Every structure is written in C-alpha cells, then in structure tokens.
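The values are calculated or read from the model by the stated rules, or taken from the named source; none is laboratory data. Just so it is clear, the structure is predicted and the values come from calculations on it, not from any experiment. For neighbour counting, all protein chains shown are included, and Cβ atoms are generated from backbone atoms with ideal geometry for every residue, glycine included. Accessible surface is based on the protein model in full, side chains and every heavy atom, while ligands, DNA and RNA are left aside. Shrake-Rupley method; radii C 1.70, N 1.55, O 1.52, S 1.80 Å.
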Amino acid sequence: MALKTELKVVVLGGGVIGVSTALELTKRGAAVTLVTEAALCSGASGRSLSWLNSAGERSLPYHALRMAGIDRYRTLFAQHPDLDWLRFDGGVCWFKDDAAGTQARHAYEKAHGYDSQLMTADNVAQADAAIDSGALPSQAIFNPGEGWVSLPHLTEYLVNQFRARGGEVIEHAGKASVLTDQGRACGIHSEQGELRADAVVVACGPWTPDVVAPLGVTIPNGSPVSMLVITEPGSHKLKAVLNTPRAAIRPNPGNRYALDHDWYEEDIQPLAGGDYHIDEQVVAKLAEEASKLLRGDEPLSVQSWKIGLKPIPGDGDPVLGQLQKVPGCYVAFTHSGATLALIVGELLAEEIVSGEKHPMLASFSAERFG
C-alpha cells in the first residue's frame, strides 16, 4: 500500500492570522512554509487595538464565530493567567449624548446572550475605578466578558511554537503571487523565487483582494487608513478597554496604553512609497482626548505611532475559506483579526487537511460577492 505523502502548504502573510493558521496546520501534520512580504507582524497586526469582543449588531454566524474566537483566548488565558499581553477585564463603551442608542445596543446584546450591563456616572467605577465618571454621558455599557491582546506578543508566542514544530518562516520575500496549474493553486512566486505546494493560504490583510484578483476572484475592499498610538510608560491604572466618541484606549504591556479612533482619518496623508504622514498635533490631540477619560491629573504622552490600512472587507463580514474558482487556494481576510485569529487558524487548518468545509465558515465564502 502506498504511503500517504505529507501535505505541503504555503501561507502568505506574516500577521497573526497567517501565523495562527500556519501553526495549526503543523499541528495536523502538514509541512508549512510561512512567507511574508516584510517582517513578521509588520502590517495591520502590529497596529491593532486588538479588542476581543462581539459587541454591537452583526449577523448570527459572525457573532457565533467571534464568540468561539473569544473562547479560544479564554483557554489560552486559563493556561497562562499571568501574561501581561492578554487580559479579560471587560470593555466599556458609550456614545455621544445618545441614551436611546445606548439602550438599544444594550437590549440587542442582552437578546443574544451577550453579557451587557448599563452603567451611569454613579456606578461606572464598578466596571473600572480608573474611569473619570465626569466623562460619561447619561449612560454607558459595560461588557464584563471582553478583553484585549497585544498582537505582536501573541504573534511571537505562536511563531515560536510554529518553528519548534518544524515550520519554516521566510521574511522580506517582497510581493508574492499565487501559482496555478490547470486552474488549481500549486504554490507561490515571490522575489525570492518559487515555492511549490499542495495548498496556498492568502492571509495578506488589506492586500488580500489584490493578491487574488489575478486569479479572477473579486473581493470588495473597504480597508481604511488607521493609526495606533502607544503612550509613554506611566502609573496607569485602567484595566478595561474603553470605546468612546473621541478615543479608544486599552492597556498595553510596559505600563503603557494603546490608543486609536477614526475622527482624524482625513488628517492622514499618503506619501510616495506607500507610507503615511500625520501632523504630530493631531496625535497629541488623540492623547489629550484619551487623558480626559481617566481619573487623575497625569496627562498621557505619546511614545510612538504607526499608520496603515486596517483590513475590512467591502461588506464588513469576514472572507474565509477555499476559492471555488481556484481549488487549493484559501483566503483569510477580516476586520476582526484579533478576535478571530485563533479560531480562524484552527478552522482553516481543519478545512485544508480534511478537505471538508467547516459549517462555521460556510457564510463567509468569497463567492457571496458574485
């Protein structure tokens, strides 16, 4: 009887979803090479607020997938409760002078079994004592089950396991394309040459639609330019993730905070070569807005910031799974890369090795775009 040959897979993309998928494939016996255009975690994964949640309104399949994603993080957290880059201390959000909108969101979350509590300035300290109650409008929402993760730390954690299992990482490979043979994916070509494989995973963040377009596959791309700011170390007390009308904020390892929002997107200017520029005064304004959310007189000061595209498919929902037009080519393109990283890696690897579509990914095929 002939021996079964080892499945060879190339994963394009050195962000957290690519690394997670690569690791899960090695756990299932595949020989995997991870190829990334630049350095690991140098794209969207390196500048994500990485809030772990399924808050607000979305389709039931998407909600179920996000909740499964949070479950995998809770398993990791239970195994390593002392990590300083993965925490579950809840999330607090509010909207500008919109009590009706806050109550409607709270009711929607409760109807779907999502832990959601209405708070006021009088009791928001029960959610997190570091929040300045004077910053709240009439009501806010506290979601105790939410958390955050630092994706550069998680990526390093996962890639170390990947390498220990024999996985190969090729960084700084430049632009890459998917090779086909008689309509089926058979490898990739990069500036470092060709790599043949039985299957290819395209997990290139906001550039995923560009990579699959030459294959005759159209995926609408709604990825905006965004910024993540890291503050200087300080005596920071906030544990929860805050999402507010003028600033989003979460803790970050090293007694720092990570900040982002979208009100300054028009202030970000593209430069030649694909880089971006923003006036330092705009960055300082974001830090000032975040400072207003916290008790005490210590203003937040900026240490660094990164700007680039935030992956968002055109209709907002993930694009996951094998391309019907190109058997053997799988895609992973989603806005919620942090929340979904572990579960998507697991389910995609299962699909690739078994050859069977996973029911939780059935709603997210590229073919829904026609």
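Side notes on the structure shown:
- Each residue in segment 218-244 was checked for being polar (S, T, N, Q) and either within 17 Å of residue 309 (Cβ to Cβ) or free of Cβ contacts under 8 Å to residues at least 60 places away in the same chain (or both), and 3 of them qualify.
- Scanning segment 151-177 for residues that are hydroxyl-bearing (Ser, Thr, Tyr) and in a helix (DSSP H, G or I) gives 155, 157.
- Of all the criteria given as (1) over 20 Å from residue 206 (Cα atoms); (2) buried (at least 17 other Cβ atoms within 10 Å of the Cβ), the one not satisfied by residue 342 is (1).
- Residues within segment 252-275 that are touching a strand residue (DSSP E or B) at 6+ places or on another chain (Cβ under 8 Å) and within 27 Å of residue 241 (Cα to Cα), tallied: 11
- Scan of segment 272-307 for residues that are closer than 17 Å to residue 251 by Cβ, in contact with a Leu (Cβ under 7 Å, 6 or more places away or on another chain) and not hydrophobic (A, V, I, L, M, F, W, C), ordered by number: 291
- Which listed residue, of 201, 211, is surrounded by 21 or more Cβ atoms within 10 Å (Cβ to Cβ) and in a strand (DSSP E or B): 201
- Cβ pairs under 8 Å, 6+ apart, first in segment 246-272 and without any contact (Cβ under 8 Å) to a residue 24 or more places away in the chain, second of a type in the set (A, V, I, L, M, F, W, C) and outside any loop (DSSP other than H, G, I, E, B): 267/282
- Scope segment 57-106; condition outside any loop (DSSP other than H, G, I, E, B), in contact with a strand residue (DSSP E or B) (Cβ under 9 Å, 6 or more places away or on another chain), open to solvent by 20 Å² or more (accessible area, probe 1.4 Å) and among the hydrophobic types (A, V, I, L, M, F, W, C); matching residues: 77
- Qualifying positions in segment 41-56 - surrounded by 22 or more Cβ atoms within 10 Å (Cβ to Cβ) and over 21 Å from residue 242 (Cβ atoms): 41, 43, 44, 45
- Evaluation of residue 24 against the conditions (1) in a helix (DSSP H, G or I); (2) surrounded by fewer than 18 Cβ atoms within 10 Å (Cβ to Cβ); (3) at pLDDT 95 or above shows that the sole unmet condition is (2).
- Residue count, segment 115-144 (criterion: hydrophobic (A, V, I, L, M, F, W, C) and without any contact (Cβ under 8 Å) to a residue 40 or more places away in the chain): 5
- Index of the failed condition, residue 118 passing every other in (1) at pLDDT 95 or above; (2) open to solvent by 50 Å² or more (accessible area, probe 1.4 Å); (3) farther than 25 Å from residue 154 by Cα; (4) part of a helix (DSSP H, G or I): (4)
- Residues that are open to solvent by 20 Å² or more (accessible area, probe 1.4 Å) and at pLDDT 95 or above within segment 1-14 comprise 7, 8, listed in sequence order.
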